[in-house]
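Chemist: If you scroll down you'll find the structure; I have some questions about it.
The values are calculated or read from the model by the stated rules, or taken from the named source; none is laboratory data. Since this is a predicted model, take the numbers as computed values, not measurements. Cβ: placed from backbone, ideal geometry, glycine included. Neighbour counts: every protein chain shown.
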Amino acid sequence: MKPEEDISTFLKKALPSPEQTESACEQVLERLRSESVSGLDIHNDDVFSGPRNTSWIPAAAIVAAGIVFLLVSVAVLRDFRSGADRTLAVVEGRIGGPIQSDQIVRSKDRAMVLALTEGSRIEMRPNSKLTLQRAVDGIRIRLGSGGVIVSAAKQQADRHLYVLTKDVIVSVVGTVFLVNAEEEGSRVAVIQGEVRVQQGASVKRLLPGEQVATGSSLEALPVAQEISWSRSAAVHMALLQQGTSAAAERAKTAAPTHLEFAAVSIKPHSGLSTNGVEPIGFVCHGIDGSRRAAVEFVGSAGPISAPQGRCVGNGVQLQALVAFAYGIPDRDVSGVPDWAVPPTRVGTLGPPANAFQIDAVAEDTSSATADQLRQMVQAMLADRFKLRIHRETKGTTGYALIVAKNGPKPKLKETSDAEEIPTLEFSNGLPTLRGKSTMDRLAQWLSGRIGAGSTIGAPVVDKTGLTRAYDYEFVPVGRGGGGGRGGPGQVGQPGPPTPADRAANISALLEDQLGLRLENEKAIPVDVVVIDRAEKPSEN
Amino acid sequence: MSTTATMTEMTKYPSRPEFEDLFRRYSQLVYRTACLVTGSPDDAQDVLQTIFLRLLRRSTPLNFHKNPERYLYKAAVNVSLNVIRSRRRHVLIGDLSFFEVASGTERPYLDEATLICIRDAIAKLSPRTVEILILRYVHDRTEPEIAKLLGISRGTVCVMLFRSRIRLRKLLGRSRSGEGK
């Protein structure tokens with residue numbers, strides 16, 4: 001064989017087949033076409049047609065001046081070109097006229113109504129401002145200020161209607177609700193149906209008559225009062241009454257289920273030195289998988305394990321148990337009584353103090369899920385530890401998960417598969433993190449609110465704007481020389497890594513591999529659990 | 001060409017049909033080149049996406065419109081080399097203890113040995129050498145075609161091919177025998 005043939009054959013071994021090549025290129029083209037990658041509307045001609053034309057400014061001024069006498073003006077604040085295919089809505093009433101993607105729409109001193117082409121209606125309160133945008137999976141209403149009442153039409157499969165304010169994302173498939181965007185925060189209330197409200201890492205579902213406000217200074221107002229400005233207020237009130245009475249009926253008929261273990265054994269930990277031999281931690285094994293306490297020490301025989309339908313703990317402390325039971329990181333549990341505070345350790349790992357050995361079994365081990373077992377732990381804490389808690393929301397600094405400047409990377413693949421929270425697998429001594437979830441869930445995992453592991457050690461909120469579920473994996477290796485203080489193999493570095501070190505490391509990984517990154521975020525609202533009372537349990 | 005005209009040309013974005021046409025014509029060249037250099041289909045998709053995203057987001061230089069194939073091919077090589085070189089600079093993250101240790105099944109992390117050999121060897125070559133080698137031995141371009149595409153003389157192509165062939169064979173030999181590190 002000629003040397004040239006040898007090299008050619010060798011190099012071509014690394015090439016994909018023509019079919020694989022074609023498929024990969026098509027995938028990339030689809031992503032480039034989608035708004036989620038480019039951040040630009042590829043279907044919007046202005047992306048391609050050269051430098052932005054700013055000659056619209058005087059034209060917009062003339063248009064705005066011309067329609068002032070109608071009291072309601074539609075000001076087009078971005079480049080616009082007519083085209084029926086780009087029309088997302090029309091203004092109802094005398095003013096009429098199409099509304100296209102990315103136009104800013106303002107209502108002046110009278111309410112106005114937009115009829116979306118897909119059937120939904122948006123009532124704009126006077127002095128409100130919004131933008132309509134076409135998303136990959138539906139339509140986004142970006143509410144800048146003021147308020148709207150949205151009567152969402154039934155959406156097609158995989159289509160959603162979103163309302164976004166500066167701090168919440170509301171998603172619906174068919175309902176009537178209102179959103180107000182104020183300086184101090186946002187308020188969302190439901191008139192009919194159900195909406196999903198996402199604020200940072202927390203997601204709430206609201207039913208008719210229920211409302212949520214994001215700012216602590218925003219007072220809760222009766223929904224009836226909130227909709228009084230609408231021309232359809234009477235219709236909305238009737239819907240609200242129907243919805244609230246139906247919800248009350250459901251609440252009456254749905255008997256509360258109180259989940260408890262069939263048997264619980266709690267003993268103080270023996271206090272014998274672990275020295276890395278004995279696993280320390282807490283785990284519940286349901287039919288749908290295991291759920292572990294955030295902090296655990298893996299013993300020489302591996303991590304702590306539990307048979308199906310059981311929760312097993314060794315050397316576990318009250319704070320970790322409460323955090324596990326309420327699905328929050330250890331750092332968000334406060335008010336730990338003195339008897340349960342672990343003494344400060346001198347040197348390396350010592351015997352766990354003020355800790356317990358726990359073995360609890362569900363009544364029906366063949367059907368208990370991990371979440372049901374978690375609820376049983378709550379009941380166990382209330383019964384055996386006489387635990388009383390209350391919840392608070394506090395503002396704290398943390399990080400926002402955002403899309404890096406070049407957009408999501410190919411390893412972030414859209415998926416319709418069932419959720420799999422991120423887990424780290426080791427292979428050949430190297431870790432790979434895999435998961436299938438929304439970015440909101442990834443942010444929750446990074447902040448330690450789901451799954452196990454304290455991850456960054458600070459709250460993380462999702463601000464990617466990516467609303468779908470993704471399949472992702474990345475290898476947690478960091479840039480040489482950046483961050484990673486105090487890690488294994490880095491002799492001479494002081495102390496464990498701080499949350500900032502961890503965030504810097506993770507941010508670099510996310511950007512390199514998934515096209516996401518973390519940036520500092522102030523005043524993230526975090527739900528915390530405060531222990532009002534807890535007693536040392538009696539041994540059995 | 002006047003200065004104004006040049007400035008206008010330099011800030012031109014491709015129109016949508018132009019963009020789609022460019023993508024259809026050159027995406028496979030970019031992707032296969034990136035696959036070879038990075039040794040990873042995922043990274044290759046990343047490279048392809050990055051390069052065409054730049055076309056959407058940034059103004060393109062004048063020489064892009066004169067010879068898009070040259071621009072895109074050189075970009076494919078350079079971006080791919082950046083990917084593998086940054087990967088080589090990586091070290092294991094300092095603190096892994098904060099990740100969950102899963103009990104899931106293990107998956108092989110490393111690619112097959114051949115791919116590693118190729119990737120390691122390519123990472124040690126200059127971008128120009130990689131450009132010529134891949135055009136010749138992967139995309140099966142002739143020497144005059146390479147000269148025309150890269151805007152260099154045929155003699156230069158021949159000399160660089162000869163030298164790079166020797167160097168590549170040496171590097172591949174070392175990698176295979178484990179001496180390359």
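Chemist: Filter the stretch A:113-128 down to residues that are modelled with pLDDT of 85 or more and out of contact with any Phe, Trp or Tyr (no Cβ under 9 Å at 6 or more places or on another chain), then give me how many there are.
Modeler: Number satisfying all stated conditions: 9.
Chemist: Now for a separate question. For the stretch A:227-238, enumerate the residues that are in a helix (DSSP H, G or I) and surrounded by 20 or more Cβ atoms within 10 Å (Cβ to Cβ).
Modeler: A:His236
Chemist: Here is a follow-up. Tell me, yes or no, whether the stretch A:390-411 has at least one residue that is modelled with pLDDT under 90 and more than 29 Å from A:Glu519 (Cα to Cα).
Modeler: Checked against the condition, which is being modelled with pLDDT under 90 and more than 29 Å from A:Glu519 (Cα to Cα), the stretch A:390-411 yields at least one hit.
Chemist: Just checking, which of A:Thr467, A:Thr455 is part of a loop (DSSP other than H, G, I, E, B), of a type in the set (Ser, Thr, Tyr), more than 15 Å from the chain's Cα centre (by Cα) and modelled with pLDDT under 85? Please lay out each step first, then the result.
Modeler: Numbers: A:Thr467 fails: more than 15 Å from the chain's Cα centre (by Cα).
Of the residues listed, the single one that is part of a loop (DSSP other than H, G, I, E, B), of a type in the set (Ser, Thr, Tyr), more than 15 Å from the chain's Cα centre (by Cα) and modelled with pLDDT under 85 is A:Thr455.
Conditions (1) assigned to a helix (DSSP H, G or I); (2) at pLDDT 90 or above; (3) surrounded by fewer than 19 Cβ atoms within 10 Å (Cβ to Cβ), marked per residue:
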| site | (1), (2), (3) |
| --- | --- |
| B:Ser27 | yes, yes, no |
| B:Tyr31 | yes, yes, no |
| B:Asp43 | yes, no, no |
| B:Asp46 | yes, no, no |
| B:Leu53 | yes, no, no |
| B:Thr60 | no, no, yes |
| B:Asn63 | yes, no, yes |
| B:Glu69 | yes, no, yes |
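Chemist: With the condition kept exactly as written, say whether any residue in the stretch B:82-99 is at pLDDT 75 or above and surrounded by 15 or more Cβ atoms within 10 Å (Cβ to Cβ). Explain how you work it out, then say what you get.
Modeler: Let us first name the residues in the stretch B:82-99 that are at pLDDT 75 or above, namely B:82-83.
Filter again for surrounded by 15 or more Cβ atoms within 10 Å (Cβ to Cβ), leaving B:82-83.
Looking for residues that are at pLDDT 75 or above and surrounded by 15 or more Cβ atoms within 10 Å (Cβ to Cβ), one finds at least one in the stretch B:82-99, hence yes.
Chemist: Further question on the same structure: Only one of these is buried (at least 18 other Cβ atoms within 10 Å of the Cβ), farther than 23 Å from A:Lys463 by Cα, at pLDDT 80 or above and of a type outside the set (Phe, Trp, Tyr): A:Val163, A:Val195, A:Val188, A:Val176. Name it.
Modeler: So the residue among A:Val163, A:Val195, A:Val188, A:Val176 that is buried (at least 18 other Cβ atoms within 10 Å of the Cβ), farther than 23 Å from A:Lys463 by Cα, at pLDDT 80 or above and of a type outside the set (Phe, Trp, Tyr) is A:Val176.
Chemist: Among the residues of the stretch A:156-182, how many are outside any strand (DSSP E or B) and within 25 Å of A:Ala233 (Cβ to Cβ)?
Modeler: Qualifying residue count for the region: 6.
Chemist: All but one of (1) within 11 Å of chain A (Cβ to nearest Cβ); (2) at pLDDT 80 or above; (3) buried (at least 16 other Cβ atoms within 10 Å of the Cβ) hold for B:Cys117; which doesn't?
Modeler: (2)
Chemist: Scanning for something modelled with pLDDT of 85 or more, in a loop (DSSP other than H, G, I, E, B), surrounded by 14 or more Cβ atoms within 10 Å (Cβ to Cβ) and under 17 Å from the mean Cα position of the chain (by Cα), does the stretch A:425-440 turn up at least one residue?
Modeler: No: zero hits.
Chemist: Can you pull out every residue in the stretch A:415-424 that is facing chain B (nearest Cβ under 10 Å) and at pLDDT 75 or above?
Modeler: Taking the stretch A:415-424 as the starting set, the residues that turn out to be facing chain B (nearest Cβ under 10 Å) are A:420-424.
Listed by number, the list holds a single entry, A:Glu420.
Chemist: Answer yes if at least one residue in the stretch B:144-160 is at negative phi, modelled with pLDDT under 85 and crowded, with 16+ Cβ neighbours inside 10 Å, and no otherwise.
Modeler: no
Chemist: Right, another one. Sort through A:Glu511, A:Glu521 and tell me the only one that's more than 9 Å from chain B (Cβ to nearest Cβ), assigned to a strand (DSSP E or B) and at pLDDT 75 or above.
Modeler: Working: A:Glu511 fails: assigned to a strand (DSSP E or B).
Testing whether each residue is more than 9 Å from chain B (Cβ to nearest Cβ), assigned to a strand (DSSP E or B) and at pLDDT 75 or above leaves just A:Glu521.
Chemist: Could you run through the stretch A:109-153 and say how many residues are assigned to a loop (DSSP other than H, G, I, E, B) and either in contact with a helix residue (DSSP H, G or I) (Cβ under 8 Å, 6 or more places away or on another chain) or among the hydroxyl-bearing types (Ser, Thr, Tyr) (or both)? Lay out the reasoning, then the answer.
Modeler: Step one: filter the stretch A:109-153 for residues assigned to a loop (DSSP other than H, G, I, E, B), giving A:109-111, A:117-120, A:125-128, A:136-137, A:152-153.
With either in contact with a helix residue (DSSP H, G or I) (Cβ under 8 Å, 6 or more places away or on another chain) or among the hydroxyl-bearing types (Ser, Thr, Tyr) (or both) added as a condition, the list becomes A:117, A:120, A:128, A:136.
The total comes to 4.
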